């Protein structure tokens, strides 16, 4: 088991508000881990720090031994860390296929001059990436919508397209920010299967933020629980379910009168 | 070899079309009688103006359309190109050929100098495009528009302060500084050799369209579009947005510079730096918005229409600008996304319906 992502005591505060304090996370290759916590716990902030939107004020992040601190978003993505967004951020006016192609740009070697002159490199790479994008869309059952404007897709398909687009950057780690938000139980079930099959097919390591406990408990191998920026528990789903601190964060303390 | 041909044959066709146009269209007192329509050299002039408008609108589309930045300084880049090339051909002709008159014929030593000056105009302009593009990394929307507007106005003010143009006799006792700043000041650069004609204008215009279209269809071009659609997502998908924004400005400025160079060599003089003020920038922005932000065919059609329209409304004399403005307003109410939106005209649904083609997609990589 090789360590892929090593997050070492990351801290971030906005003014007086500690959004994340002393956050640690270790991910091995092929892991599927969950990140949960009540609203405002700092889960999305954690993703934003990982992907370079915010620079951490303390601590180190290493991907495959490479230090991620100080890199900007696009460099981190190219280093192998791709994400989806909680509120869908597709390229609305572009087609489904184009959305994926933009992400596959990370594999391009030819320059814009090559494009303008239709160089061999341009033709070869464009052809390969188009084919690859179509296979990716087939996996996500979007191939028949490839030329549809992505804004017009139904909600569930948009969510799937976001994951497909993130995978097109060929990440080592995929960060999913509430992929099941707004889905019905049936769709959630399909999503769980999809996430598991994505891990098999694309050999990615997945970190996922989710509010749906059913989903998290059923597919994640390890779970980290955040509350007010502090890690309150880390462990297997069984351990997390019995952890008194977690129960307290979600349900509150038992009333004192009951305690007596 | 096949790939090489595939890469270059559209450019060859572009040059061929331009050559045919140059041969067919009348110059001077010539006329073509089509029965209902008498084509005279006025048509040739308008065709040239259309070509330059296409170059400007299509190149501005890269910044304002694809990348979604708002530039109001396109006429400024045009001015840089016009003055750079005018300086090169005017003083170059005196230096190499003894006088600043244009040579007869299409392919002469003079034309070689002219083509070199076009390239130089493009490159100098692209350099300025790069410099103006740098603020776009920090500013967006209206703020960027103000910066680019300011750039154009500063440039115009500076050009107004330059020295008079020197002819072949003055140049002998002139210092280097005087030659370097001899751009004509408020009177404009006069005595530019008239090398520009339909061949050069339309070669460049069609090549510009081909380059912009190829860019748009490619993955690189889609990276530009992704910035306009959602910058945060583009960045998260590994698109180096800063790189692409500056590149967009530099590419657009390159073509604007070449367009300005062609413009300067058409009339034989730049009437005044005030000719390339923000009003002209806004004209180009109107073309891009009217045609559809991101649609190349839209920009081309808008450039053609908005060049012909004021000419054809000439009969209404003073009222023509009012009619022109009303037409624009009506258009923006009826089609706020421009004629074609982000797509090309053959991709638009209502056009497809018009030609009763099946809506099956034929998208080749």
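Quick one: pull the percentage of alpha-carbon pairs in region B:2-355 with a separation above 36 Å.
Tail fraction, whole percent: 22.
According to a simple spin-label model (label point 7 Å from Cα along Cα-to-Cβ), what is the distance in nm between residue A:29 and residue A:111?
A separation of 3.5 nm, rounded to one decimal place.
Which residues in region B:150-168 place their backbone N less than 17 Å from a point set 7 Å from the Cα of residue B:187 along the Cα-to-Cβ direction?
B:159-168, by backbone N distance to the label point.
Given only helices, namely DSSP H runs of n ≥ 4 each adding -39500 (n - 2.57), what is the per-residue ellipticity at 222 nm of chain B, to the nearest 500 deg cm²/dmol?
-21000 deg cm²/dmol
Among A:120, A:61, A:213, whose mean-square fluctuation peaks in a Gaussian network model of chain A (Cα, cutoff 10 Å)?
A:120
For the protein assembly as shown, compute the orientation-averaged projected area of the C-alpha convex hull (one quarter of its surface), in nm².
36.8
Label point 7 Å out from residue B:108 along Cα-to-Cβ: which residues of region B:252-282 have amide N under 18 Å?
Label zone hits: B:265-269.
Which distance in Å, rounded to a whole number, links the C-alpha centroids of region B:105-131 and region B:166-194?
Spelled out, the Cα-based centre of one part sits 19 Å from the other.
At a Förster distance of 51 Å, what's the computed FRET efficiency of residue B:334 paired with residue A:239, Cβ-Cβ distance as r, to 0.05?
0.20
So how do A:90, A:194 line up by other beta-carbon neighbours within 10 Å, fewest first?
Ranked by crowding around the Cβ, least crowded first: A:194, A:90.
Can you list the residues of region B:260-288 with backbone N under 17 Å from a point 7 Å past the Cα of residue B:327, pointing along Cα to Cβ?
Output list for this probe position: B:283-288.
Using only the Cα atoms of region A:89-164, build the gyration tensor, take square roots of its eigenvalues as a ≥ b ≥ c, and label the shape rounded, prolate or oblate: rounded if a/c is under 1.5, else prolate if a/b is larger than b/c, else oblate.
It comes out prolate by the Cα gyration axes.
Give the whole-number value, in cubic angstrom per residue, of the convex hull volume spanned by the C-alpha atoms of chain A.
That works out to 154 Å³ per residue.
Angle, helix A:155-168 long axis vs. longest principal axis of chain A, Cα atoms, 0 to 90°, nearest 10?
Taking Cα atoms only, the helix is inclined about 70 degrees.
How large is the direction-averaged shadow of the alpha-carbon convex hull of region A:150-260, in nm²?
9.1
Give me the angle, in degrees from 0 to 90, between the Cα long axis of helix B:198-217 and the longest principal axis of the Cα atoms of chain B, rounded to the nearest 10.
30
Roughly how many nanometres apart are two label points built 7 Å out from the Cα toward the Cβ at residue B:6 and residue A:251?
About 6.5 nm, to one decimal.
Roughly how many whole Å is it from the C-alpha centroid of region A:44-82 to that of region A:98-150?
Rounded to whole Å, the Cα centres lie 26 Å apart.
Can you give the FRET efficiency to the nearest 0.05 for residue B:99 and residue A:75, using r as the Cβ-Cβ distance and R₀ = 56 Å?
The pair residue B:99/residue A:75 has a calculated efficiency of 0.50.
Against the longest alpha carbon principal axis of chain A, how many degrees, from 0 to 90 and to the nearest 10, is the axis of helix A:120-139 turned?
With rounding to tens, the tilt is 50 degrees.
Which FRET efficiency, nearest 0.05, do residue B:131 and residue B:349 yield, Cβ-Cβ r, R0 60 Å?
0.90
Per-residue counts of other Cβ atoms within 10 Å, averaged by peptide: what ranking do you get for A:216-226, A:180-190, B:59-69, highest first?
Answer by packing, highest mean first, reads B:59-69, A:216-226, A:180-190.
How high is the relative contact order of region B:222-365, in percent, with contacts defined as C-alpha pairs under 8 Å that are six or more residues apart?
Result for region B:222-365 is 19 percent.
Would you mind ranking B:90, A:144 by Cβ crowding within 10 Å, fewest neighbours first?
Fewest-to-most ranking of B:90, A:144: A:144, B:90.
Any idea what the relative contact order of chain A is, in percent, if you count C-alpha pairs under 8 Å spaced at least 6 apart?
27
Using Cα-Cα distances under 8 Å and only pairs 6 or more residues apart, what relative contact order does region B:153-302 have, in percent?
Relative contact order of region B:153-302: 30 percent.
Which length gain, in nm to one decimal place, applies between residue A:186 and residue A:120 when the Cα-Cα distance is subtracted from 0.36 nm times their residue separation?
19.1 nm
Read-outs throughout are calculated quantities, based only on the coordinates presented, and are distinct from any laboratory measurement. The structure presented is a predicted model; accordingly, all values stated were derived computationally and were not measured. Methodologically, a virtual Cβ is constructed for each residue, glycine included, from the backbone with ideal geometry; neighbour enumeration extends over all protein chains shown.
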